[in-house]
Amino acid sequence: MINKLNLNYNNNMEYRELPPLELLNGFFNCDFDSGKLTWKVSSARNIKVGDEAGCLIKSGKGKGYRQLQINGICYQAHRIIWYMYTGEDPKDMMIDHINTDNNAPLEKMKPNNVQNLRRATNDENLYNQKKSKNNTSGYKGISAGKRSYKNGKFYLFWLAKIDGKKDGKVFYPFRKCIKRYEWETSPPKYLIKAIETAREKLHGEFYRHE
């Protein structure tokens, strides 16, 4: 039995093993171009054959993505779509959205097109994140550091870094600090180029600059 949809987002869904493919094919039709799952069966009073499955997350983590519930367990719709298309349960891998433009109007979002999905580790998924909303430089990975005063002039330090993790410890495969005059209110172009070049090399197909 398929129960009523649950609107709560659950981080564990990112790694949860999926139901058997035969079960999913019995419940859903999938349009792989639009990335939509629709019901093949009417499993509840409020669900009709042909209705789009799942509910759209409207805020917080998972905004713009759909989730649904099967036998009381919540699943991410894009993981099910990937499984139905490839026949491979991602299991302990994440399904990354190549284009993560979740600022578009909710009704226009089509993130689950299969061409927009790929398997990824947790680190690779993080590589594809946009720059933080708290970013003040306008460039991902670059921040304004401390001010200093020398020879009658104020200076501002621009710090560019790419974080990494190894054996649970944070390290910086790229880190560069540049001192500039305070009135130069944006990081120098060569620093931007340096971190973008390093990011492309370190993150491969998962790199994201903006």
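Each value in this text was obtained by applying a stated rule to the coordinates, not by laboratory testing. Owing to the predicted nature of the structure, the values given are computational and were not obtained by experimental measurement. Heads up, the Cβs are rebuilt from the backbone with ideal geometry, glycines too, and the neighbour counts pull from every protein chain shown.
Remarks
- Peptides 84-91, 36-43 ranked from most to least packed by the mean count of surrounding Cβ atoms within 10 Å: 36-43, 84-91.
- Among Glu184, Glu124, sorting on how many other beta-carbon atoms sit within 10 Å of each Cβ, with the fewest leading, yields Glu184, Glu124.
- In this simple spin-label model, placing a label point 7 Å from the Cα along the Cα-to-Cβ direction at both Tyr85 and Leu21 gives a separation of 1.5 nm.
- Footprinting exposure proxy ranking of Phe174, Phe157, fewest other C-beta atoms within 10 angstrom first, gives Phe157, Phe174.
- Sorted ascending by nearby beta carbons within 10 Å, beginning with the fewest, Ile81, Ile98 become Ile98, Ile81.
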